[in-house]
1. Using a 1.4 Å probe over the heavy atoms of the protein chains, calculate the carbon and sulfur portion of the accessible area of the chain as a whole percent.
2. Please enumerate, by chain and number, the lysines with C-alpha under 29 Å from the C-alpha of K88, excluding those fewer than 8 residues away in the same chain.
3. Leaving out ligands, DNA and RNA but keeping every protein chain, what accessible area does Y81 have, in Å² rounded to the nearest 10, with a 1.4 Å probe?
4. Considering only protein heavy atoms, what is the solvent-accessible area of E90 at a probe of 1.4 Å, reported in Å² to the nearest 10?
5. What does the accessible area of W52 come to, in Å² to the nearest 10, when a probe of 1.4 Å is used?
6. On full extension of the chain, what length is gained from D61 through R101, given 0.36 nm per residue of separation minus the C-alpha to C-alpha distance?
7. Under a GNM of the chain (C-alpha, springs under 10 Å), which listed residue has the highest mean-square fluctuation: D111, D91, D43?
8. Could you order R66, R19 so the one with the most accessible surface comes first? Probe is 1.4 Å.
Amino acid sequence: QVQLVESGGGLVQAGGSLRLSCAASGSTFINAMGWFRQPPGKDREFVASINWSGSATDYADSVKGRFTISRDNAKNTVTVYLQMNSLKPEDTAIYYCAADRMLVTRTMDVDYWGQGTQVTVSS
């Protein structure tokens with residue numbers, strides 16, 4: 001059974017930075033990982049994804065150049081990170097970690113979800 005546990009959310013001023021982490025237990029079944037977010041009153045949307053080796057990443061246009069996704073494939077626990085720089089008020093959302101046995105695409109079709117972590121950017 002795969003469990004994803006996010007951490008690192010919080011309140012930050014516009015222009016600041018935050019680093020989200022997501023630890024995946026039972027990671028034998030995981031290949032790609034990624035992040036999605038759900039702004040207040042809006043649908044969940046794709047943010048970024050990364051393949052197993054870290055050689056391929058994908059970003060939403062709205063975060064390209066400001067956010068960086070990376071991962072650490074330790075033996076028993078895989079961790080994916082989202083470094084968020086130059087944050088804007090419109091980045092305010094609940095951020096969800098996602099993992100899949102094959103690919104994390106821009107759709108919501110993934111195998112596993114985390115519980116979400118709140119990121120609030122004040123102006």
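The values are calculated or read from the model by the stated rules, or taken from the named source; none is laboratory data. Everything numeric in this text was worked out from a predicted model, so none of it was measured. Note that each Cβ is placed from the backbone with ideal geometry, even for glycine, and that neighbours are counted across all protein chains shown. Ligands, DNA and RNA are excluded from the accessible area calculation, which covers all protein heavy atoms including side chains. Shrake-Rupley method; radii C 1.70, N 1.55, O 1.52, S 1.80 Å.
1. Working: 3030 of 6300 Å².
Carbon plus sulfur share of accessible area: 48 percent.
2. List returned: K42, K64.
3. 50
4. Taking all protein chains as shown, E90 has close to 120 Å².
5. The accessible area of W52 comes to roughly 110 Å².
6. Values: separation 40, 0.36 × 40 = 14.40 nm, distance 2.49 nm.
That pair, D61 and R101, stretches by 11.9 nm at full extension.
7. D43
8. R19, R66
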